[in-house]
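Just so it is clear, none of the values below were taken in a lab; they were calculated from the coordinates. The structure presented is a predicted model; accordingly, all values stated were derived computationally and were not measured. Virtual Cβ from ideal backbone geometry, glycine too; neighbours counted across all protein chains shown.
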């Protein structure tokens, strides 16, 4: 019998991260570990430091203290803020991906959908127009967009389609690690549901590791294996998603879970 | 002469610009900032090129100024008159006899010689500007050689028009390192940048940047493997000199659809007509 791999290697090791914009604003003394193939959800109310943490993890903002160590291979560990900016940006461009809450932040609105999907490939040195186009059409199909619209500008797409395009653009280089900041924010529920379904399929198919920031517990329940609950810049509770949502221990988590509206 | 220092600018300014030029020549294609001065003409009329010309001009030099290839257009005539007045240098319209050629939008058709310097007027020196509005970010992109986005523009051309439709200010890579805007010259002239005998200097007055291509430097135009770089071709030949090799301007001659194609480089055209006559 094939046994599941129980002890997955650590991909991202975060030690004592502090990034404060002012007292209580930002995140403080955070430790976390992300294993390969794992989806880690970070939940909490607005202003709890979720997005700051994500920016620090994603290499966009240097922490005041602490280290972010990326284990590229078993014997190849990179301290994200000790390596130079050139390597950090290359890592971000090639091995990692970032999906913004607002697709306008992640897409180039002035150029066509195909150019958006192809950009990361071109940054990698791909210089064959036919292949770039084929990759564009392939990825548009994978995120359930009509490949015939490859030459249309993203602004002619609906919000949900723009978000799909952003995901295609990020995944085209097959990153190992993807950061998502409220990927379903601003979408209506039926569009959300389809997007989540697609995301879940892609994450499983590609074996992605994901750090997912959301304030929506339903999204976290559907996608995340493990959850961190944040409040005022600190982690108040961590554990398996179902365990935390069904049996919250910390008072704040209990409040959060009981605040969910059910129709 | 007329109460002005030789070539209008004061000696300290010229020295500062020459220092910047040395740096630009040392790092081909790299944009060097310089303390641009006010020139007695508006930005966009060639103030960057004029400051470079003023700082490299010597009393014995012969100056030629061209605008869109022509020696007799407003910009060319006024800049030439300016340097005649403030520097008292000899001017010419003959490409072969000039040491310093200030140009806007063209490279002369006649091959340049090693003792000549071509000075370009540049409106927007930053090739990445169209896709990245932040100066801080574009400098970082240059420093880290993040040039993938340049390809995005060309991709977009092919997607829209079926071929690379950029016809002027066509981006080039200089010496395998810096991506550079060759100023709004037609892409027809891009091959002349490659392994040129003459030194080429670029000055942007409004943006206060200058850059250079030293002689015998590798200059490649960006393209795709399956859509290689191509220059413009015409079915017609020049109506005046019959040239089939030069860059042609289409000139409307009446309001009944009459038109003719003529060389944009007037000196080249006149020389050929002299030879042919």
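Return the FRET efficiency for the residue pair residue A:238, residue A:82: r is the Cβ-Cβ distance, R0 is 25 Å, and the value is rounded to the nearest 0.05.
Working: r = 26 Å, r/R0 = 1.05.
So, using R0 = 25 Å, E works out to roughly 0.45.
Taking 10 °C and 1.306 mPa s as conditions, the protein assembly as shown diffuses translationally at an estimated 59 µm²/s according to Stokes-Einstein applied to its Kirkwood radius (Cα pairs). Compared with the dominant principal axis of the Cα atoms in chain A, helix A:113-123 is inclined by about 80°. Taken as Cα centroids, segment B:100-150 and segment B:30-81 sit 16 Å apart, rounded to the nearest whole angstrom. The distance between label points at residue B:134 and residue B:232 comes to 3.7 nm (points 7 Å beyond Cα on the Cα→Cβ vector).
Mean separation of Cα pairs under 8 Å and 6+ residues apart, divided by the residue count of chain A: what relative contact order is that in percent?
Values: 473 pairs, mean separation 65.7, N = 263.
Computed over chain A, the figure is 25 percent.
As an equivalent ellipsoid, segment A:104-184 spans semi-axes of 18, 15, 11 angstrom, where each value is the square root of five times an eigenvalue of the C-alpha gyration tensor, largest first.
Put in line by how crowded their Cβ is, counting other Cβ atoms within 10 Å and starting with the fewest, B:234, A:139 read B:234, A:139. Taking every DSSP beta bridge that has both ends in chain A, the antiparallel portion is near 55%.
Helices in chain B, meaning DSSP H runs of at least 4 residues, each add -39500 (n - 2.57). Divided by all residues, the mean residue ellipticity at 222 nm is -8500 deg cm²/dmol.
With N as its number of residues, chain A has a Cα radius of gyration that, divided by 2.2 N^0.38 Å, comes to 1.01.
Based solely on its DSSP helices, what 222 nm [θ] is calculated for chain A when runs of n ≥ 4 H residues each add -39,500 (n - 2.57) and the sum is averaged over all residues, nearest 500 deg cm²/dmol? Could the numbers behind the result be given before it?
Details: 10 runs with 99 residues, N = 263.
Using -39500 (n - 2.57) per qualifying helix, the result is -11000 deg cm²/dmol.
The slack in the chain from residue A:204 to residue A:8, taken as 0.36 nm per residue of separation less the alpha-carbon distance, amounts to 69.0 nm. Working note: Cα gyration tensor of chain B, eigenvalues times five, square-rooted, sorted largest first, giving semi-axes of 28, 27, 16 Å. Put a dot 7 Å past the Cα of residue B:245, heading toward its Cβ, do the same for residue A:31, and the two dots end up 7.6 nm apart. Report the far tail of the P(r) of segment B:233-277, meaning the percent of Cα-Cα pairs longer than 17 Å. Taking all Cα-Cα pairs of segment B:233-277, the fraction more than 17 Å apart is 31 percent. Taking the C-alpha atoms only, the angle from helix A:159-171 to the longest principal axis of chain A is near 90 degrees. With the simple spin-label model, which puts each label point 7 Å out from Cα in the Cβ direction, the residue A:189 to residue B:255 separation comes to 6.7 nm. Between segment A:59-85 and segment A:181-224, the alpha-carbon centres lie 26 Å apart.
Could you state the angle between the C-alpha long axis of helix A:189-206 and the longest principal axis of the C-alpha atoms of chain A, as a value from 0 to 90 degrees rounded to the nearest 10? Approximately 90 degrees, to the nearest ten. Counting only DSSP beta bridges with both residues in segment A:128-239, the antiparallel share comes to about 50 percent.
Distance between the C-alpha centers of segment A:13-41 and segment B:204-277? Whole Å please. The two parts, judged by their Cα centres, are 59 Å apart. Look at the stretch B:155-163: the mean tally of other chain Cβ atoms within 10 Å of its residues' Cβ atoms is 5.
Take each peptide in B:265-275, B:148-158, count the other Cβ atoms within 10 Å of every residue, and average; sorted highest first, the result is B:148-158, B:265-275.
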